[in-house]
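This report concerns only the one structure given below.
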Amino acid sequence: MRSLFCSVLVLVLAPLAGGAEPVRIAGETKYKPQSLVRLKAEGVDAKAALLWRVYPSKDVQRATGPRGVLEFAAHPGTYEVELLVITNTDGVLEVGEARTAVTIESCTPVPPKPDPKPPEGKPDPEAALGRIRFGTAGCTATVVGPRRPDGKWDVLTAAHCVSGVGARGTLTLKDGRSFGLRVVAYHKTPDVAWCVTDDAVTDLPYAVIAESNPPVDTPVWHMGFGVDKPGNREDGTVAERENAQGQLRMVLSVSSGDSGGGIFRADTNELVSVVCCTSGMARKVSMWGCSAEVARRTRSKPADDADEAWVPVPIPICKDGKRTDTGVEWTPHPIPIRTVSSATK
């Protein structure tokens, strides 16, 4: 229920005789539609003449009330009320004055002002990690912010998780929300792919890519959906700077299904790499991923996205009267195995 407030504004033009208390107007200042406004004069001598004025006065319906009381009805709006109190003391006229404002609310509630800018989410690398599926291949991907000018979101993963530019898949976040994706950039050598959500979406958690690659020995972490302890945080370190393939070497534990997931600095939570391949499964060994600087350079732009050619949607294939493209569960994509020399273990 909306509270009613009392507000009094008093102005005395001339002091009243005998140190009388100043004139004032008492009463509620906010009224519901079609209510009767009722104000009372206080600090008024019993023999004084009273004059009430209401501005604006058009369509104001005054009621006949007891002495010292003003009652009126009017359309919704704000009205200034003035009270003049005239007294005659030993032949000397003295005038006291008081003012206040009252508001009669509208019959139609005033709608709240629309938010000039819809929410754009907030940095939250853990919540920004999600499962992606392209066909039967299941990998990990990261929502990368800030949000694009067209309202869509960039999603970063590994190239070996998708088939190429134009491929379509789905992203499912940890909070259960699911979005359609389309691949807009694909680079096989550093093993990186950029996707864009099909629709404009507000308020997504996202990660931020580091401006530069981290130095050797920087602590890092990831939380992919690999078959070994899915969703578990794994910690490691950067072992070598960016190589000729545009990848960093790290010492970190990954497994099938972790492919494409973001790897983050432990001190800033900035994304510094994307899981590509490993020299061993489910144990802390040498593994590689596209560097932050390469990922930044290959990030798509909204203008490029808009200019891309129309991509036909593959027609479903039926076998024995049944579609073969539905009801497929998310299957972890095998993470590539890379042999490593003793010098880089």
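Each value in this text was obtained by applying a stated rule to the coordinates, not by laboratory testing. The model shown is predicted, which means the values in this text are computed figures rather than measured ones. So basically every Cβ, Gly included, is an ideal-geometry build from the backbone, and we count neighbours across all protein chains shown.
Worth pointing out:
- Per-pair calculated FRET efficiency, R0 = 30 Å: Thr108 and Val69 via Cβ, rounded to 0.05: 0.50
- Among the trypsin sites (Lys or Arg not before Pro) within segment 195-281, those in coil by DSSP and having at most 15 neighbouring Cβ atoms inside 10 Å are Arg233, Arg241.
- Remark on Gly261: its backbone amide H falls under 5 Å from those of Thr140, Val275, a criterion applied only to residues 5 or more positions apart or on other chains, H modelled at 1.01 Å from N.
- For Ala282, net neighbour charge (Lys/Arg +1, Asp/Glu -1) across residues whose Cβ lies under 12 Å away: 0
- At R0 = 35 Å, FRET efficiency that the Cβ-Cβ distance of Asp199 and Asn269 yields, to 0.05: 0.85
- Less than 5 angstrom separates the built amide H of Thr237 from those of Val220, Val251, all sequence-distant by 5 or more or on a different chain.
- Segment 28-91: trypsin sites (Lys or Arg not before Pro) in DSSP loop, at most 13 other beta carbons within 10 Å: Lys47, Lys58, Arg67
- A full extension of the chain between Thr170 and Thr189 corresponds to an added length of 4.5 nm, given 0.36 nm per residue minus the alpha carbon distance.
- Of Lys113/Lys152; Lys30/Lys122; Lys152/Lys188; Lys32/Lys122, pairs whose Cα-Cα distance is over 32 Å: Lys30/Lys122; Lys32/Lys122
- Loop chymotrypsin sites (Phe, Trp or Tyr not before Pro), segment 193-263, which have at most 12 other Cβ atoms in a 10 Å radius of their Cβ (DSSP): none
- The gain in end-to-end length when the Thr78 to Lys47 segment is fully stretched comes to 8.0 nm, 0.36 nm per residue minus the alpha carbon separation.
- Percent RCO, i.e. relative contact order, over segment 122-304, from Cα pairs under 8 Å lying at least 6 residues apart: 22
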